Each structure stands twice: as structure tokens, then as C-alpha cells.
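Heads up, the thing below is written out as C-alpha cells.
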Amino acid sequence: MFPWLTDYFSRFQQAYAQHKIPHALLLIGVDGVGKSALSEEISRLFLCEQSLHNQPCGVCHSCRLTQNKSHPDVHIYGADDARSIGVDVVRELNGMVTKSAQLGRGKVAIMHHAERMTESAANALLKTLEEPSGNTLIILMVDSSMKLLPTIVSRCQQWHIQPRQDIVLSWLANETNVSVIEPAILRVNHGSPLKALAYLEQKETPSHQVVAKALGQYFHEPWQIQLVAKTLSDGLPESIDWLMFILMDAMKLQQHVNIELLQFAHEQQLLKQLSKFAPDVLSDSITHLVEMRQSLAEMPSAIPAFLFAEWLEKFLSKE
């Protein structure tokens, strides 16, 4: 289990020891935060035949089956790439809940991407969430509870999975050969440790280095603006995020923050160059980037290279 999940599993262990396990858990967190791993560990303890000190024994028949992802009483829904979870899936879940556990200990229903439930599917789940039969634990996983019906949310115990940054950065350092890991790498991956790991392990030059190099190239060779703009547009959506982080570091430098404490401390020459711009120019430039990011979210093809060229000319030419 990932180290940042330990506290959350401890919370379940405490409920297990006190015989106060909720009938439904709602795990809330971005993709790649480890919700699946946590649900698997919870299932292992919930179904263990001879748990010791509120830990799954790891050797009983149930633990072995859970470890091999073949336990007949662990039922997974919504793990495919389907765009929605229909009422038929929920009816299957509801039918499972009414049946006896095959191994006798209990049953676990895990639903990935619960926010994909159609309205009719969500309504079909309500009664089961309120009064599940037998020894049943239902675990729903979402990136945001705002995407679920309030009646669904109110029937679950909510756990917001928010990893501590220091734990994640330490884990990333141990998992990779990267000597210096900027906190911005976690931020640009929307707080997802597993996405940050994949980002660091990519064979190509990391996008934050590509963006910093492109920006530096524009300062020294402004006639290469079209090439720089294409480089930035090819790196969407991360390039917009990294540009914002770099400009925010430049604004912090203007406010006399120690450069060694900044996320892009390794790009000191670039930050000093950017810090020469007026604060309102940097602020306006960041605002424009935010607008571009929103346009990209609404229409993935909305940010062609010429818009980056326009951004460079309009703002970064005002030194």
C-alpha cells in the first residue's frame, strides 16, 4: 500500500476494531491517488478469516484470493472505460447484495468512477446504500463528490484522499532516479502521485524542462517565435500549467522570496529575466494563460500554435 494511504487505512482499522464499519464508503480523490489500492486493502481486512491486531493475516484462503484479485465475494463495477454506468449495472450490484456470501465472511462491492452513474442508476442504488443486506461493504470511488447526487453522498461515509506532499515527494524520490523533484511536478499532475511518477519516468525530456528551454529560447532568439509557439502547443495541456508556475515564481522573486525556495530554483537565469517585467504584465499574462487553460478544457483543439505566438508577443514583449 502506498505510504500516503496509511492514515486512511488506520481509520478503517479503528472502525473495524470497534465494530463500527460503515455500510458504505465514498473515497474522494483525483485519479492516480491510490483509491483502488486503498479499497483493496480495506477489502482484504474486511474479509480476512483470521485477522491479527486489526491487520489482514495474508495467509488465509480469503486473503490469498483477495491478493490474487479472484475473491468470489469481491465484486468490481465501473472499472472499464465505459462513459456511463447504467441502471443494469446497479441492478446487478443490488442483486449481489441480497445473496449470501460464498465464503461466508461478507461481501464487498467496489464501484470505480461512481460519478458516471446515470440518474436512473444512482436512484436504483439509493435503497441498497441505506439498508444493505447481510455483512456488506459498498465502496464508491469518485474524483469529486459534486458529481454525485446529494442523496448518494449523504448515505456514505466520505473520505477525502489528500496525500501529504512531503510523503509523496519522498516516495517519488525513492521510486525514480530523479535527484531533485520540484513540488510543482505534483501540482501540474493535479496532486496525483501515480501520474507524477509516470511523468517522471517518461523517456522524453520532462515537459517542465521543455517549457523553460522554449521560454529561454524566445528571450535570446525572438525571431524563432513560431518555433517556440509550436513547442508550447505540442506540450498541451502541461505547457500552460508550467508557464503559470514559472511566472508565479518570477512574481515571488520580485517580492524578495529567496530564489532557492522557488519551484524553478534550478532555472535562476530565466527567473531573473522574467522578474524584470512589471508585476501587472506578469499578472495579466497569468490571467491570459488561465483563460487559455479553460478554453482547452472546454474544447481540446482550441489552442493552436498561433495563440501561443500571440501570447508571447502581447505580454512577454513588454519588458
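General observations
- Residue in the stretch 145-165 that is in contact with a His (Cβ under 8 Å, 6 or more places away or on another chain), surrounded by fewer than 16 Cβ atoms within 10 Å (Cβ to Cβ) and in contact (Cβ under 8 Å) with a residue 12 or more places away in the chain present: no
- Test result for Ser207, in contact with a Gly (Cβ under 6 Å, 6 or more places away or on another chain), modelled with pLDDT under 85 and of a type in the set (Ser, Thr, Tyr): yes
- Filter pass, Ala212 being part of a helix (DSSP H, G or I), more than 23 Å from Glu298 (Cα to Cα), in the same structural domain as Phe306 (by TED's automatic domain parsing) and of a type in the set (A, V, I, L, M, F, W, C): yes
- Per-region count, the stretch 269-282, residues touching a residue at least 24 places away in the same chain (Cβ under 8 Å) and exposed (fewer than 15 other Cβ atoms within 10 Å of the Cβ): 4
- For the stretch 1-53, residues that are of a type in the set (Ser, Thr, Tyr) and within 22 Å of Arg155 (Cβ to Cβ) total 5.
- Any chance Arg83 is in the same structural domain as Ile138 (by TED's automatic domain parsing), under 17 Å from Asn135 (Cα atoms) and basic (Lys, Arg): no
- Here the condition is being out of contact with any Cys (no Cβ under 9 Å at 6 or more places or on another chain), surrounded by 17 or more Cβ atoms within 10 Å (Cβ to Cβ) and acidic (Asp, Glu); of Asp234, Asp241, it holds for Asp241 alone.
- The stretch 133-144: number of residues that are buried (at least 18 other Cβ atoms within 10 Å of the Cβ) and of a type outside the set (A, V, I, L, M): 2
- Test: residue in the stretch 261-268 that is modelled with pLDDT under 90, more than 28 Å from the chain's Cα centre (by Cα) and either among the basic types (Lys, Arg) or surrounded by fewer than 16 Cβ atoms within 10 Å (Cβ to Cβ) (or both): yes
- Being surrounded by 14 or more Cβ atoms within 10 Å (Cβ to Cβ) and at pLDDT 85 or above is a description that does not apply to Ala198.
- Taking residues in the stretch 25-36 that are not assigned by TED's automatic domain parsing to the domain that holds Arg187, and partners anywhere that are part of a helix (DSSP H, G or I), the pairs with Cβ atoms closer than 6 Å and at least 6 places apart or on different chains are Leu27/Lys35; Ile28/Ser145; Gly29/Lys35; Gly32/Leu194; Gly32/Lys195; Gly34/Leu5.
- Selection status of Ser70, closer than 19 Å to Ala124 by Cβ and either modelled with pLDDT of 95 or more or loosely packed, with under 14 Cβ neighbours inside 10 Å (or both): no
- Residue match in the stretch 113-133 (condition: among the hydrophobic types (A, V, I, L, M, F, W, C) and closer than 19 Å to Phe12 by Cα): yes
The values are calculated or read from the model by the stated rules, or taken from the named source; none is laboratory data. Predicted model, so just to flag it, every value in this text is computed and none were measured. Don't worry about glycine lacking a Cβ; one is built from the backbone with ideal geometry, like all the others, and counts go over all protein chains shown.
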